[in-house]
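J.: Sharing a structure with you now.
The values are calculated or read from the model by the stated rules, or taken from the named source; none is laboratory data. No experiment lies behind these values; they were computed from the predicted model shown. Reconstructed Cβ throughout: ideal geometry from the backbone, glycine too, with neighbour counts over all protein chains shown. Only protein heavy atoms, including side chains, enter the accessible area calculation; ligands, DNA and RNA are left aside. Shrake-Rupley method; radii C 1.70, N 1.55, O 1.52, S 1.80 Å.
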Amino acid sequence: MSRYGNHGVVDNDIEYGNAHIALLQQFIKCRYIQGKVLTAMVNEINRIHHHKYTPIEYVNTINQYIADYSMKIRQIKNNESFDFAIVNLKSDELSKLASNYSNEAISFFRNIFNKILESKGGIKRSEAFELSRGLKINDPDLQLQSFIEDGWFRFSESRYLTFSNRALMDLEPLLRDLNECSLCHSKLLIVKDEFIKCPNNECDTLMHNYCARRWFESHKNICPNCKNRI
Ligand SMILES: [Zn+2]
Ligand SMILES: [Zn+2]
């Protein structure tokens, strides 16, 4: 008898079972799952399998199991909540693009990727189009759109082309040069209206807007590092 009743499926809290397999299949299908969507999936799986595990308990148990395959489900902060993505720790994700795009499109992709990385934030739409020059791409706008639809890039509210959350997770090994948020220590993109910099020139503190907002609630606009007023 388990503490959830005599259903005969999984008796141990941390045992990898059918419920975990069901969730792993969702991750393989979707690759990127928003936190609130994951919660809904977990509720449904718990209902079917008579469990009461939290999303994090599922993710931790699945991660133990898939580590042998060099895979991991990672969390990434997205505003107030966390999203999740399954990533391959071994292969170069950029090389996988080869099966989806033409060589010319991959060159365009790499140009955009490098330019955003160089800026540590985002680039304007017109700058992105410049990067297709000399490449045989009929419709750069359409090509850019497919990169966005495939989940690699996004436009910020201030209309800068930047990395999507999926790119931040999947391509992490290539993104070491990006800045980090002083509060949550995740990657931070220098994109207008998405971050705050400490005004003290001797302090290099950068914070996500949403992390700063929460910090200021209890710390009265004080920089977490130099204690200056922001
Ligand atoms: Zn942050
Ligand atoms: Zn400071």
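J.: Have a look at LYS36, LYS29 and point out the one that is open to solvent by 70 Å² or more (accessible area, probe 1.4 Å), within 20 Å of ASN165 (Cα to Cα) and in contact (Cβ under 8 Å) with a residue 12 or more places away in the chain.
T.: Going through LYS36, LYS29 in turn, just one is open to solvent by 70 Å² or more (accessible area, probe 1.4 Å), within 20 Å of ASN165 (Cα to Cα) and in contact (Cβ under 8 Å) with a residue 12 or more places away in the chain: LYS36.
J.: Right, another one. Is there a residue being buried (at least 17 other Cβ atoms within 10 Å of the Cβ), among the polar types (S, T, N, Q) and part of a helix (DSSP H, G or I) anywhere in the stretch 138-154?
T.: yes
J.: Give the stretch 202-230 a look and list any residue that's within 10 Å of ligand 2 (Cβ to nearest atom) and without any contact (Cβ under 8 Å) to a residue 24 or more places away in the chain, or say none.
T.: Matches in the stretch 202-230: ASP204, THR205, ILE222, LYS227, ARG229.
J.: For the stretch 142-189, what are the residues that are hydroxyl-bearing (Ser, Thr, Tyr), more than 16 Å from ligand 2 (Cβ to nearest atom) and free of Cβ contacts under 8 Å to residues at least 60 places away in the same chain?
T.: Restricting attention to the stretch 142-189, the residues satisfying the condition of being hydroxyl-bearing (Ser, Thr, Tyr) are 146, 156, 158, 160, 162, 164, 182, 186.
Within this subset, residues satisfying the condition of being more than 16 Å from ligand 2 (Cβ to nearest atom) are 146, 156, 158, 160, 162, 164, 186.
Result: SER146, SER156, SER158, TYR160, THR162, SER164.
J.: Among the helices (runs of 4 or more DSSP H) contained in the stretch 25-122, which hold 1 or more residues that are within 30 Å of TRP215 (Cα to Cα) and among the polar types (S, T, N, Q)?
T.: Counting at least 1 such residues, we get 35-49, 55-66, 103-119.
J.: Taking the criterion of being more than 22 Å from ASN103 (Cα to Cα), away from ligand 1 (no atom under 16 Å from the Cβ) and surrounded by fewer than 18 Cβ atoms within 10 Å (Cβ to Cβ), would at least one residue in the stretch 189-198 satisfy it?
T.: Yes, the stretch 189-198 contains a residue that is more than 22 Å from ASN103 (Cα to Cα), away from ligand 1 (no atom under 16 Å from the Cβ) and surrounded by fewer than 18 Cβ atoms within 10 Å (Cβ to Cβ).
J.: Okay, moving on. Take the conditions in a loop (DSSP other than H, G, I, E, B), at pLDDT below 90, more than 15 Å from ligand 1 (Cβ to nearest atom) and open to solvent by 70 Å² or more (accessible area, probe 1.4 Å) and apply them to ARG159. Does it pass?
T.: So ARG159 does not fit the description; no.
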